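Laboratory data are not the source of any read-out in this text; all were calculated from the coordinates shown. The model shown is predicted, which means the values in this text are computed figures rather than measured ones. Cβ atoms come from the backbone with ideal geometry, glycine included; neighbour counts cover every protein chain shown.
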Amino acid sequence: MHQTILASLIRQAKGTELLLSLLREEYALLRKGRPDEVAGLEMVIQELVRQLVREREFLIRVLERAGYGRLADFLSGLDPAERGEFEVWRARIIVHEQEGARQTSINSDLAMALWEQSGNLLRHFQSQVVPRERNTYTARGTWGSRPATATMVRGRL
């Protein structure tokens, strides 16, 4: 059982480290303006998060079968020499999760800023296309006023 728990902690630590590196790569792709690559990477990140959740659930089941409510309860029953290796891997998981949360927040802020920028640019282009004067020539070639909003274009064959 000790080896199973340790192996699970090691897998989680390496998984969270991989997640952090993928989040940093996502940030770099956002900065370079490569939305297609970001979308593909996002799918990989989501799958990795699912696997990490499954690994955490597996560890919880193993601990519960052994009669422990939490990992801390299991670790408190070990002698200090044996506990050290478990603590090292648990600490790595915690550090990677905290750094990953910070990187996720940064990525989210950047993605929202890019989205707002795109929306503002689109609104600017639309305002440049709409005629400023309301009085223009009609389809019949006569001078007339038009509504302020866009309408369907009609033509005759």
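General observations
- Qualifying GluC sites (Glu not before Pro) in the range 33-136, where qualification requires a DSSP coil assignment and no more than 13 other C-beta atoms within 10 Å, comprise 133.
- Count Lys and Arg as plus one, Asp and Glu as minus one, and take only other residues whose Cβ is under 12 Å from that of residue 57; the net charge is then +2.
- Cα-projected label distance for residue 58 with residue 108, points at 7 Å along beta-carbon direction, nm: 2.8
- Each semi-axis of the equivalent ellipsoid for the range 42-91 is √(5λ) with λ an eigenvalue of the Cα gyration tensor; in descending order they amount to 26, 15, 6 Å.
- A simple spin-label model places the labels of residue 24 and residue 81 3.6 nm from each other, with each point 7 Å out along Cα-to-Cβ.
- Rounded FRET efficiency, nearest 0.05, which uses the C-beta distance separating residue 94 from residue 32 and R0 of 30 Å: 0.45
- Alpha-carbon spread of the range 2-129, three principal axes, descending order, Å: 74, 23, 20
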